[in-house]
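Working notes, structure below.
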Amino acid sequence: MRSLLHLTILRTHPLKAHCLILRTTTMATSYSSSLLLPPSVSLNKSRNGSSLGLSVNRSRVSMSVSAGSQTTLNDSLFADYKPSSAFLFPGQGAQAIGMGKEAQSVAAAADLYTKANHILGYDLLDICVNGPKEKLDSTVISQPAIYVTSLAAVELLRVREGGEQIINSVDVTCGLSLGEYTALAFAGAFSFEDGLKLVKLRGEAMQAAADAAKSAMVSIIGLDSEKFSSSNQEVEEADKVQIANFLCPGNYAVSGGLKGIEAVEAKAKSFKARMTVRLAVAGAFHTSFMEPAVSRLEAALASTEIRSPRIPVISNVDAQPHADPDTIKKILARQVTSPVQWETTVKTLLSKGLKSSYELGPGKVIAGIFKRVDKSASVENISA
């Protein structure tokens, strides 16, 4: 069987050991499609003989490919990741009029908006810079807008003095809800164009699901998560709520039917929560209300080439990194109906020794969350 993989060894940043790069011969993208492996990795052949067996150490490299028609990577490849520098990408709600304007000063960043216009069929930059706000806030536009602007911020950082070195030092990435797609694009799991097509469809599918039922999201600040469930006793099954985003201790986003959301807001007030904020989103994201969007996402993901990321990308669904492309596809389809485990993600990164972080894109929501978890956390915002 002809192998589709070339193995090459290179030296990385002086502080890092040798890395092994697996490059596919069939794809070149704006963001690297290569897979960085740590110096000691062992991927054993699966029982059904369909996986790629790979062992690596500093003195020897060996690879075996099974006789099956396809090869799959061990999904636990990044299980023992040790983060030092992270790129963090925002989700829907971070959009603001004027974003993207600064990106036009850098050719590579401006080019992303030009590519986006051809894929989306409208002038994305004009809406980002000039609005109107109601249009930018719509799910079908805000999701592509944030995706493109966040990756444009990477290009702005790249031309800054020392920026290329920062980008090369990043060894883990993640994003809040929509931001997971941005993180996967940065990590080379799919091209900028394919990622934008997925984000476009995701926004359309979530908007359609929201239109099918009256629902909403509300952010509750200053209330324990256990106290939300009591409000469900006051509403019908169709209006029940659940926590959609576990952001940080005492800060949760709750999704559900309109009557359920109103009950939560009243309950939060009686429990003396510090603040409730109705979120500017189309409906009850990350709950069963989004179930109609899943099949459309599954179909789009099935036809999209997804590769193993070159660095760990932490999933919103289980706060773990995944290496197997088929697993990543399943995770992304589940993501719209699953609560976002951002609090666990942040705590895990910090407990594993994360030293520096960069929030790339509009807003400073993620930096605020990191500071709520650990006041000493270092997060720099790179906007576009």
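Some values worked out for this structure:
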quantity	calculated
Amide H within-cut-off set for I382, under 5 Å, with H built and near neighbours excluded	E359, L360, G361
Lys, Arg +1 and Asp, Glu -1 on Cβ, resulting dipole of region 292-353 about Cα centre, debye, nearest 20	100 debye
Protection proxy ranking, peptides 310-317, 266-273, 287-294, average beta carbon neighbours within 10 Å, highest first	310-317, 287-294, 266-273
Greater than 23 Å apart at Cα, pairs in K269/K347; K329/K371; K82/K375; K115/K364; K115/K330	K269/K347; K329/K371; K115/K364; K115/K330
Largest-first principal axis extents, alpha carbons of region 73-190, Å	45, 32, 23
About the Cα centre, charge dipole magnitude for region 196-258 (Lys/Arg +1, Asp/Glu -1 at Cβ), debye	400 debye
Förster radius 22 Å - calculated FRET efficiency between K355 and E102, Cβ distance, rounded to 0.05	0.25
Straight-distance crosslink candidates among aspartates and glutamates, where the alpha carbon sits under 20 Å from K214 and sequence neighbours closer than 8 are dropped	E134, D137, E204, E234, E236, E237, D239, E262, E265, E291
Packing rank of 106-115, 82-91, 300-309, 126-135, where each peptide gets the mean count of other beta carbons within 10 Å, highest leading	82-91, 300-309, 106-115, 126-135
Which of S378, Q320, P292, positive extreme of dipole for region 289-384 (C-beta unit charges)	S378
Radius ratio Rg over Rh of region 106-147, counting only Cα atoms, Kirkwood formula for Rh	0.96
Cα gyration tensor of region 283-382 - equivalent ellipsoid semi-axes, whole Å, descending	27, 17, 12
Residue-normalised accessible area of region 209-264, given per residue in Å² at a 1.4 Å probe	43 Å²
Dipole in debye (nearest 20) - region 125-178, about Cα centre, beta carbon charges: Lys, Arg +1; Asp, Glu -1	100 debye
Neighbourhood net charge (13 Å Cβ-Cβ; Lys/Arg +1, Asp/Glu -1) for K135	-3
Where D324, D75, D80 fall by accessible area, highest first, once all protein chains stay in place (1.4 Å)	D80, D75, D324
Separation between Cα centres of region 357-384 and region 305-319, rounded to whole Å	21 Å
Radius 10 Å from Cβ of S315, net charge of other residues (Lys, Arg +1; Asp, Glu -1)	-1
J(HN,Hα) series, region 324-337, from Karplus relation 6.51 cos²θ - 1.76 cosθ + 1.60, nearest Hz, glycine and proline x	7, x, 5, 5, 4, 4, 5, 4, 5, 5, 6, 4, 5, 10
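The values are calculated or read from the model by the stated rules, or taken from the named source; none is laboratory data. Not measured: the values here are computed from a predicted model. Please note: Cβ atoms are built from the backbone with ideal geometry, for glycine as well, and neighbour counts cover all protein chains shown. For the accessible areas, the whole protein counts, side chains as well, though only heavy atoms, and no ligand, DNA or RNA atoms are used. Shrake-Rupley method; radii C 1.70, N 1.55, O 1.52, S 1.80 Å.
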